[in-house]
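See below for the structure under consideration.
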Amino acid sequence: MEDFNKIKEKIKSQLDSANYAGDLSDLGNEIGIVLGEYLITNDELNDFLNGLNHGISLGNGTHG
């Protein structure tokens, strides 16, 4: 997926240029700005959110 690498690099750049100490909503906003350029459909958004939820459950030990 060509867009995967573009998105990854743009998210890195977006976060590196965020010059404030925010909270998780600010982090989500910065990532959302980039993803909004690429996620076209509700299915794509749902795929991303499902992956995010899965990753969080793996990270915090609630995956079941």
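Rule-based calculations on the coordinates, nothing more; no lab input. This one's a predicted model, so the numbers in the text were calculated from it and none came from an experiment. Positions of Cβ are backbone-derived with ideal geometry, glycine not excepted, and every protein chain shown enters the neighbour counts.
List Ser57, Ser25 from most exposed to least, where exposure is judged by having the fewest other Cβ atoms within 10 Å.
Exposure proxy ranking, most exposed first: Ser25, Ser57.
Please list the three semi-axes, largest first and in whole Å, of the ellipsoid equivalent to the chain, using sqrt of 5 times the eigenvalues of its alpha carbon gyration tensor.
In descending order, the three semi-axes are 20, 18, 11 Å.
Counting other Cβ atoms within 10 Å of each Cβ, which chymotrypsin sites (Phe, Trp or Tyr not before Pro) in the chain have at most 13 and sit in a DSSP loop?
Tyr20, Tyr38
Mind checking which of Ile31, Ile40, Ile11 has the largest fluctuation in a GNM of the chain, springs on alpha carbons under 10 Å?
Largest GNM mean-square fluctuation: Ile40.
When the Karplus curve 6.51 cos²θ - 1.76 cosθ + 1.60 is applied with θ = phi - 60°, which whole-Hz ³J(HN,Hα) does each residue of the stretch 25-37 get, with x for Gly and Pro?
5, 5, 4, x, 5, 4, 5, x, 4, 5, 4, x, 6
If I model a spin label as a point 7 Å beyond the Cα along the Cα-Cβ vector, how far apart are those points for Leu15 and Glu44 in nm?
Going by the 7 Å Cα→Cβ label model, 2.1 nm.
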